[in-house]
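Every number in this text was worked out from the coordinates using simple rules, so none of it is lab data. Since this is a predicted model, take the numbers as computed values, not measurements. Cβ: placed from backbone, ideal geometry, glycine included. Neighbour counts: every protein chain shown.
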Amino acid sequence: MTFASHMDIALAEAQAAAQRGEVPVGAVVTSSDGTVIAQAGNRTRELNDPTAHAEILAIREACAALGQERLPDHDLYVTLEPCPMCAAAISFARIRRLYYGAADPKSGGVAQGARVFSHAQCHHMPEIYDGLSAEPASELLRKFFAGRRT
Ligand SMILES: [Zn+2]
């Protein structure tokens, strides 16, 4: 099976989040054969919920759709390096592969900061692929935060 990135869908979700006034981050959950099970963008402001990050919403939606509490053999695409909360949720969900775009020096918890997956107390570490479509992902964030400052 050839690899097909679903980062374009995650980027579209990030774009849609920006249009709602949310931090532009998007996420997609796919099954082992590449079928899209769930897709989401940040909705923390809309839902008044600090945990409503794109990854959390996509994982919740995928679990609900499949009627199961874990997502083994499923992959998650997200435009930005997950924060510690989302990294922990990805571990709990038993996600098979994590693909992410831009690195997040400010809040990331995968390759820097808390490095959630590298702890002995972390019971599942996905395969991790970073830097996918990193440029358009960080460009969306740059534009969003630049627009807020003016
Ligand atoms: Zn997060």
query: So what is the relative contact order of region 55-134, in percent, for Cα pairs below 8 Å that sit 6 or more residues apart?
result: 32
message: What does the extension gain come out to for SER118 and PHE92, with contour length at 0.36 nm per residue minus their alpha carbon separation?
response: 7.9 nm
- prompt: Pick from THR30, THR44, THR79: which is most flexible by mean-square fluctuation in a GNM of the chain where alpha carbon atoms under 10 Å apart are linked?
  reply: THR44
task: With springs only between Cα atoms under 10 Å apart, run a GNM on the chain and tell me which of GLY67, GLY109, GLY34 wobbles the most.
output: GLY67
message: Can you give me the distance in nm between label points at LEU66 and ALA16, each placed 7 Å from the Cα along the Cα-to-Cβ direction?
response: 2.1
field: Isotropic mean projected area of the C-alpha convex hull, the chain (nm²)
entry: 8.6
query: For the chain, what's the relative contact order in percent, using C-alpha pairs closer than 8 Å and at least 6 residues apart?
result: 20
field: CD proxy at 222 nm, helix term only [per DSSP H run n ≥ 4: -39500 (n - 2.57); per residue of the chain; nearest 500]
entry: -11000 deg cm²/dmol
query: In the Gaussian network model of the chain, springs joining C-alpha atoms below 10 Å, which of ALA14, ALA65, ALA111 carries the largest mean-square fluctuation?
result: ALA65
